[in-house]
Amino acid sequence: MTDAAPAEKEEKEADHHPYFRPRDAATLILIDRSGAKPKVLVGKRHDNVVFMPGKYVFPGGRVDKSDNRVPVAAPIPGELEANLLKGSPKIAPSRARALAVAAIREACEETGLCLGRKVEKPVKLDGAWKPFAEAGLLPDPSSLFLIARAITPPGRVRRFDTRFFTADASSIAHRVEGVIHADAELVELVWVEIGSRPLADAHAMTKNVLAELDRRLATGPLRHDGAVPFFHFYGGKMQRDVLGA
């Protein structure tokens, strides 16, 4: 799991560390729109973890080497790739694919919910991708949308260049049992309305991204041509730009 900004303790240590280059990371926000109001899936972090203990967060983490190599059930949409290629530093299309796939992997690892599609011929997958193979699936990034991008401020021990993706809950193809328990990184999963009590104590960047998602949802079904905000820090202050603007 990662967020675009650090825990409170790290915020107090700003400017006490040398420059760290942000690491590419991806976060997935699953949405349930079956009811009158959309709900998002959040997990409560264990009270004993160092980073954001007890907070409600979205599953996510840094890009892994396997994310660029694992076969997928369908390619990422061209519009999604175009959004991921916007901004600086420039990345290759293969990196855009890896970012989208990383969001799926992290969600499956941390919540047990896997976005995939059945395949006719079994594919041998190891490590974090083994649950997909066991269920006869390949990861499917075709249902993802890019909601925001954010970079952790300079001077932090942990720095991430995070892309926040979203997908509808109907994209969940498999559930791995036993991932959420009292000793896991996430001890509880809940579907909550944006702005509800469990999110009141969420990290500031999480709230920023949720506000963007709320605005997008208010206009109807998600589209790839919606403005994608880019949160970054310049001159010690957070800036909000729009990718490609």
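The values are calculated or read from the model by the stated rules, or taken from the named source; none is laboratory data. The structure displayed is predicted, hence computed values, not measured ones. With ideal geometry, Cβ positions are generated from the backbone for all residues, glycine too; neighbour counts draw on all protein chains shown.
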Answer residue from segment 222-244, given it is at pLDDT 90 or above and not in a strand (DSSP E or B) and is nearest to residue 167 (Cα to Cα) among those: 222
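Conditions tested, residue by residue: (1) under 23 Å from residue 45 (Cα atoms); (2) modelled with pLDDT under 95.
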| site | (1), (2) |
| --- | --- |
| 89 | no, yes |
| 114 | yes, no |
| 120 | no, yes |
| 132 | no, no |
| 163 | yes, no |
| 168 | yes, no |
| 181 | yes, yes |
| 190 | yes, yes |
Breaking point among (1) out of contact with any Lys or Arg (no Cβ under 8 Å at 6 or more places or on another chain); (2) in a strand (DSSP E or B), for residue 187: (1)
Residues of segment 201-226 classified as over 20 Å from residue 33 (Cα atoms), surrounded by fewer than 17 Cβ atoms within 10 Å (Cβ to Cβ) and touching a Lys or Arg at 6+ places or on another chain (Cβ under 9 Å), total: 1
Criterion: in contact (Cβ under 8 Å) with a residue 12 or more places away in the chain and under 27 Å from residue 123 (Cβ atoms) - qualifying residue of 45, 69, 62: 62
Among residues of segment 76-87, those that are under 18 Å from residue 166 (Cα atoms) and either among the polar types (S, T, N, Q) or modelled with pLDDT under 95 (or both), counted: 1
